[in-house]
Amino acid sequence: MRFRAKIVDLACLNHFSRGVWSGSPRNAALLPPGVINTIAKLAKACTLRLTVSKLYFILSDKVANGGVSMWCELCQGNFFDEFQMEGVAAEHNEIYLELVPENLSRALRTAQSAKAVKIKLTNKHCPCLRVAVELPSLSSSSRIVTHDIPVGVIPRRLWNDFREPSVPDFDVSIYLPALKTMKSVVERMKNLSSSIVIEANLSGEMNLKIETDLVSVTTHFKDLGNPPWDIVSNRIVHFILLHEDVSLQYFIPALA
Amino acid sequence: MKCIVTGGNIKVLGRAVHSLSRIGDELYLEPTESGRYEPGGRQPHRELFRCKVLMKSFLGVFRSLPSLEKTVGKCLLLLKPQASRLVVQLHCKYGVTKTHNLAFQECERLQAVFDTQRCASSLRAPARVLAEAVVHFPPTLAEVTLGAGPGGKISLRNYVEDEAEPSKTMVTELWLGEDEFQRVAVTPGSRITFCLKEFRGLLTFAEASNLPLTIHYDVPGRPVVFTLDDTVLEVHLVLATLSDPERSWQPPTANGVSHPPAPTDDFADDLESYMAAMETSGYEGGSGAPPSPTFPLRTPRPAESDPKEEEEDDDEEEGVVPGTPPHKKFRSLFFGSVLTPGGPGPAPTQEVLAEDSDGEY
């Protein structure tokens, strides 16, 4: 079981960790946040699945128990300049690791000016993902920072727990409004109530509503499109974020 | 005591106070007759007056560094013993004068005894290099281990507490090449662990003042002394170090493999050779990093033959630093002002700030 990968292109590194940089730094705030930083905010611990062509960040608390689950898929070719993976066995050419994404986020956070970043699976006194950042320096040799992130290797017999969630029968599917708008609406609602009501219909209308004893607030969205496939069910709210080379699915069980 | 600080020195005083505020809660002031801080040994002509004020109060006067720089032209420090007040008066632009009356307490002389001459190892680097190094560690990290590795490389690594599970804690390590330092005179394989928070406080001051930082250290358990030197200012930060070298460096290993060597400069095969070296490690476990092939053991001598500095050292007490039990913190930060030769000013620019606090573990 072996894994090594290398990022040399700073733009790819930023996309992977912090965010997409294009144009002036001021615009960076408007662009989608980096993958690792997002995952780190969504989950304290998650599973990293490595295949020959993709990386997956998976969180699978059983949704029936009221937990949230997440499935994020990336094409490695869009981020890494080098990527070598040898799985546990020839016919099971994958690696499943349990890790704390915040550690990975932290390791990459100060690598903005790096010449290269290498990630490697090692096993010193315990399995680790070693992130080695080569930084420029005024001296003849580069500065090297290594971060050893402890990981747990998930045995093959448990791999079934991490299958991609199937798409159940859904009632309504709708395109969400601009995320920035939704975010600011939901952030304000968060202060008033801990649960939110989402209503959507097949005419492109959606309501976000909170109801408490003292107050109820509803934000109405109109003219949102309805995509041809089904996304939202009456039991689980399933958010799908599709960016150029990343897809992130996030499931939140409904309370009622 | 009455002293006046003017111009650019006000900003330096403000930064010094900010730096000290990261170390402790009380600020000690000790004006001396000649305007110099005496570390000990020399008999004064008359009793030295020493007092302390609450750090929060003093810091409040110098809270906003940008506005200090822009609006304050002169700062007056005046002691009123009868009223037990330290008066700090800021003369600002547009005829505005701000007067702060801070309560002080007289106190006994507290003295940290240290001697950089007796430290076996020393390093000197621009503050910027060290500041860039510590940025890779999380802001909440308590302790860091500084080590002299093979090939003359110097490493910084986060210290993992004994109570933390080694298999669950992320370990970050940074290697600096010897040529990033202005001076390297270290015992090969030596390493010390000290608190990062206070060190960061000093680094902020040093970086802003663009001063090189010298680190003097000895065996684990003996204090580490950080010094900054300038024509008008002397800074010493003394921190305790952990006294258990083995545990502070190597994680417990089942098969006794010791810490691998520093990554080579050839980064292309860096991790391969790193891994290979680890797997075939020929080092004895537990005795620390292998000796560097090139570094003889040298005792450091004073960097400049500044007559004032030597004079101070001569007079220093031949005291023994009290034994530091493991886990006992002891920290001391001294800012001393040194009068520049050549003409007396209208009043000596003497601000002596020293703080000493006892261990709290």
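Stokes-Einstein diffusion for the range B:120-198, with the hydrodynamic radius set to the Kirkwood value over Cα pairs and evaluated at 20 °C in a medium of 1.002 mPa s, equals 161 µm²/s. Modelled spin-label separation between B:Leu65 and B:Gln89, with each label point placed 7 Å from Cα along the Cα-to-Cβ direction: 2.8 nm.
Take the Cβ atoms of A:Cys75 and A:Leu192, set R0 to 35 Å, and the FRET efficiency comes out at 0.30.
State, in square angstrom and to the nearest 100, the accessible area buried between chains B and A, both chains counted, probe radius 1.4 Å. Chains B and A together bury approximately 2800 Å².
P(r) tail for the range A:121-224: Cα pairs beyond 22 Å make up 64% of the total. Label-to-label distance, B:Thr169 versus A:Asp223, with points set 7 angstrom from Cα along the beta-carbon direction: 5.8 nm. The accessible-area loss of the range A:135-161 on complex formation, taken against its chain alone with a 1.4 Å probe, reaches 40 Å² or more at A:Ser139, A:Ser141, A:Arg143, A:Ile144, A:Val145, A:Thr146, A:His147, A:Asp148, A:Pro150.
Expressed in units of 2.2 N^0.38 Å, where N is the residue count, the Cα radius of gyration of the range A:113-182 is 1.92. Semi-axes of the equivalent ellipsoid of the range B:112-245 are 22, 17, 15 Å, computed as sqrt(5λ) over the eigenvalues of the C-alpha gyration tensor in descending order. Any idea how far the Cα center of the range B:157-217 sits from the one of the range A:124-142, in Å? Computed from Cα coordinates, the inter-centre distance equals 16 Å.
Modelled spin labels at A:Gln112 and A:Leu202, positioned 7 Å past Cα toward Cβ, are 4.9 nm from each other. What the Cα atoms of the range B:59-114 give is an Rg and a Dmax of 14.4, 46 Å. Taking each of A:Lys6/A:Lys41; A:Lys180/A:Lys222; B:Lys52/B:Lys80; A:Lys41/A:Lys120 in turn, the alpha-carbon distance tops 19 angstrom for A:Lys6/A:Lys41; A:Lys41/A:Lys120.
The values are calculated or read from the model by the stated rules, or taken from the named source; none is laboratory data. Keep in mind it's a predicted model, so treat the numbers as computed, not measured. Don't worry about glycine lacking a Cβ; one is built from the backbone with ideal geometry, like all the others, and counts go over all protein chains shown. All accessible areas refer to the heavy atoms of the entire protein, side chains included, with ligands and DNA or RNA removed. Shrake-Rupley method; radii C 1.70, N 1.55, O 1.52, S 1.80 Å.
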